[in-house]
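Below: one structure, written as structure tokens.
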Amino acid sequence: MLSWLPQNISTFGGDVDHLFRIIYYITGVWFVAAELLLLYFLVRYHKSRRAKSVYVRGNGAQSAWVLVPVLVVLVLDLSIDKVGGEVWNRIKIDLPPAGDVVHITGKQFNWEFTYPGPDGKFGTADDQTIENELHVPAGTVVRFELTSNDVIHSFFIPTLRLKQDAMPGRRIKGWFEATQPGTYEIACAELCGFGHYSMHGVLTVHSAQDYRKWVQSRWGAPQTAAK
């Protein structure tokens with residue numbers, strides 16, 4: 001069902017997909033119903049049938065043609081809002097404790113990922129910034145702070161179901177937990193200039209052992225999570 005969606009490797013990706021399915025099927029059913037009804041009217045009242053226009057005086061019963069659709073739309077909309085609110089709170093409001101922390105900066109036309117180093121603190125000598133490469137361990141909550149150096153960008157990792165605008169002058173917090181080792185695309189989903197098409201990076205999700213090896217290759221010692 002909806003097999004054309006990108007692979008999901010995020011712990012909250014299933015919730016996002018569930019919300020997408022609700023919206024997709026509700027709007028899909030009503031779109032098909034509206035188009036079939038329109039087709040019926042085109043055939044039923046075609047001029048070749050020589051149907052005569054009839055003046056119908058309004059009455060209380062005809063108000064149902066307005067009130068019933070309004071009620072149906074309201075119920076469906078509130079249902080979507082309820083599910084959407086729950087998903088929003090889980091992803092955007094109730095941030096879980098972090099296993100790793102990284103600062104992400106968008107700029108024309110690259111992503112910069114800054115790691116705090118073995119001391120777990122940003123702004124110290126052992127910080128390292130890597131362009132267009134984000135390395136994380138599988139099964140670990142990764143918290144990030146996202147900003148932009150110039151214009152609005154949009155940090156987008158389809159397989160994580162993660163998409164967040166990067167705003168100049170703001171540091172936006174977020175998180176994700178990848179479940180499956182591999183390499184995945186990082187894109188910019190906001191038209192940010194003539195080089196927008198080239199603004200992409202790679203997310204590498206390591207197994208726990210491989211992540212320790214990667215950390216050691218960069219710092220020579222295991223990295224400590226930021227507090």
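Quick note: the coordinates plus some simple rules give every number you see, no bench work behind them. Treat the numbers as computed from the prediction; the structure is a model and nothing was measured. Reconstructed Cβ throughout: ideal geometry from the backbone, glycine too, with neighbour counts over all protein chains shown.
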Quick one: dipole size for region 45-118, taken about the Cα centre, charges +1 on Lys/Arg Cβ and -1 on Asp/Glu Cβ, in debye to the nearest 20.
1080 debye
If each DSSP helix of 4+ residues adds -39,500 (n - 2.57) and the sum is divided by the residues in the chain, what number results at 222 nm, nearest 500 deg cm²/dmol?
-10500 deg cm²/dmol
Which trypsin sites (Lys or Arg not before Pro) from region 64-147 combine a DSSP loop assignment with at most 16 other Cβ atoms within 10 Å?
LYS121
From the phi of every residue in region 133-141, what ³J(HN,Hα) in whole Hz does the Karplus formula 6.51 cos²θ - 1.76 cosθ + 1.60 yield, where θ is phi - 60° and glycine or proline is x?
9, 10, 10, 9, x, 6, x, 10, 6
I want the antiparallel fraction of DSSP beta bridges within the chain, as a percent rounded to 5.
70 percent
Using the Karplus curve 6.51 cos²θ - 1.76 cosθ + 1.60 with θ = phi - 60°, what ³J(HN,Hα) values do you get for each residue of region 145-156, in whole Hz, with x for Gly and Pro?
10, 10, 8, 9, 8, 9, 10, 6, 10, 9, 6, 9
Longest span of the chain, sites excluded, free of chymotrypsin sites (Phe, Trp or Tyr not before Pro) in DSSP loop with at most 14 other C-beta atoms within 10 Å?
56-193
Sites matching trypsin sites (Lys or Arg not before Pro) across region 166-223 that sit in DSSP coil, with at most 14 neighbouring C-beta atoms within 10 Å
ARG170, ARG171
Rank GLY195, GLY84, GLY139 by mean-square fluctuation in a GNM of the chain with C-alpha springs under 10 angstrom and give only the top-ranked residue.
GLY195
With labels modelled as points extended 7 Å from the Cα through the Cβ direction, what inter-label distance (nm, one decimal) is found for ALA33 paired with ARG212?
5.8 nm
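Just to be sure I understand: of the beta bridges DSSP finds with both ends in region 55-158, what percent are antiparallel, rounded to 5?
Just about 55 percent of them are antiparallel.
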Using a Förster distance of 41 Å, the FRET efficiency for HIS200-ASN89 (Cβ separation, nearest 0.05):
0.85
For region 16-68 and region 153-227, distance of Cα centres in Å
46 Å
Which labelled figure in [x] 25, 21, 17; [y] 50, 19, 17; [z] 31, 20, 18 is semi-axes √(5λ) of the Cα gyration tensor in Å, once derived from the coordinates:
[y]
Determine the shape class of region 13-93: with a ≥ b ≥ c the square roots of the Cα gyration tensor eigenvalues, call it rounded for a/c under 1.5, and otherwise prolate if a/b is greater than b/c, oblate otherwise.
oblate
